[in-house]
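A.B. asks: Attaching a single structure in structure tokens format; questions to follow.
The values are calculated or read from the model by the stated rules, or taken from the named source; none is laboratory data. These numbers come from a predicted model, not from an experiment. Cβ: placed from backbone, ideal geometry, glycine included. Neighbour counts: every protein chain shown.
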Ligand code: 5RP
């Protein structure tokens, strides 16, 4: 592996082999979604606890201080919106690799929709993006999204989508956690896996538990958005999630961190 690629990956994946990515890219198809109406304000108290921030160029330029010291994972795909839910897989590349370099991105990310009508289109986009990014030593993270016909949390589907993204050349794959068979998803994917959270969960303990279990089964960390910044106590969530990822905190210990920060007993 070239020095530049290694250097960028080491900005994202920490020395302990773990990673906590904070995505605030949801507006690229959801618009001003809840708690992300003003992304700069949302992220301000929580970015220090993340290892990298994932977002689009528009939000990066408009809302993020260029002096920020966190690595940036630039979302470069889009072209679909919530206004046409049946067309959500109809994505292309919206942001060039030149732009990613100009913005000093440490990685780029794009969605692939395995099992959907535009599966081929998005997988070919991934191949083209990887071809171009590899020339400049920029890692590509594949955001495996949910096909319409296969279950979101079905290990066979997650394993299929993750493996295919890795085969095409993604350096990191984002998938979802599933209780049954997640270790098979990890075993079948030759590159590091991070998990997303999806819509806000009923309890924070639930979130700590599935992150803990995913790490036990081989994930390297998270690309976790809504369960942090849509929570009533985002800083407490960010600190507790960080404790699970980088301090091997159990779900119970993470809950203690959360409760202490929430009640003001800890910073
Ligand atoms: C959708 C994404 C998100 O970055 C990803 O799904 C993680 O976010 P969350 O934890 O909120 O599901 O690619 O825009």
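A.B. asks: Given the structure, is residue 164 closer than 28 Å to residue 125 by Cα, part of a helix (DSSP H, G or I) and without any contact (Cβ under 8 Å) to a residue 60 or more places away in the chain? Even if it seems obvious, please write down each step before you answer.
C.D. replies: Working: closer than 28 Å to residue 125 by Cα: yes; part of a helix (DSSP H, G or I): yes; without any contact (Cβ under 8 Å) to a residue 60 or more places away in the chain: yes.
When the stated conditions are applied, residue 164 passes them.
A.B. asks: From 36, 60, 22, which residue is crowded, with 20+ Cβ neighbours inside 10 Å, part of a helix (DSSP H, G or I) and either away from the ligand (no atom under 12 Å from the Cβ) or in contact (Cβ under 8 Å) with a residue 60 or more places away in the chain (or both)? Walk me through how you get there before you give the answer.
C.D. replies: On the way: 36 fails: part of a helix (DSSP H, G or I); 22 fails: part of a helix (DSSP H, G or I).
Step by step, each of 36, 60, 22 is checked, and only 60 is crowded, with 20+ Cβ neighbours inside 10 Å, part of a helix (DSSP H, G or I) and either away from the ligand (no atom under 12 Å from the Cβ) or in contact (Cβ under 8 Å) with a residue 60 or more places away in the chain (or both).
A.B. asks: Could you name every one of the helices (runs of 4 or more DSSP H) located completely within the range 217-267 that has at least 3 residues being in contact with a strand residue (DSSP E or B) (Cβ under 7 Å, 6 or more places away or on another chain)? So that I can check it myself, show each step before the final result.
C.D. replies: On the way: elements: 226-229, 234-247, 251-262.
Output list reads 234-247.
A.B. asks: So which of 201, 219 ends up being within 16 Å of the ligand (Cβ to nearest atom) and either closer than 22 Å to residue 13 by Cβ or under 14 Å from the mean Cα position of the chain (by Cα) (or both)?
C.D. replies: Numbers: 201 fails: either closer than 22 Å to residue 13 by Cβ or under 14 Å from the mean Cα position of the chain (by Cα) (or both).
Step by step, each of 201, 219 is checked, and only 219 is within 16 Å of the ligand (Cβ to nearest atom) and either closer than 22 Å to residue 13 by Cβ or under 14 Å from the mean Cα position of the chain (by Cα) (or both).
A.B. asks: Quick check on residue 214: is it within 22 Å of residue 73 (Cβ to Cβ) and either at pLDDT below 95 or buried (at least 20 other Cβ atoms within 10 Å of the Cβ) (or both)?
C.D. replies: Values: within 22 Å of residue 73 (Cβ to Cβ): yes; either at pLDDT below 95 or buried (at least 20 other Cβ atoms within 10 Å of the Cβ) (or both): yes.
Judged against the criteria, residue 214 is a match.
A.B. asks: Can you tell which of 39, 48 is at pLDDT 95 or above, within 18 Å of the chain's Cα centre (by Cα) and closer than 16 Å to residue 230 by Cα? Lay out the reasoning, then the answer.
C.D. replies: Values: 48 fails: closer than 16 Å to residue 230 by Cα.
When all the criteria are applied, what remains is 39.
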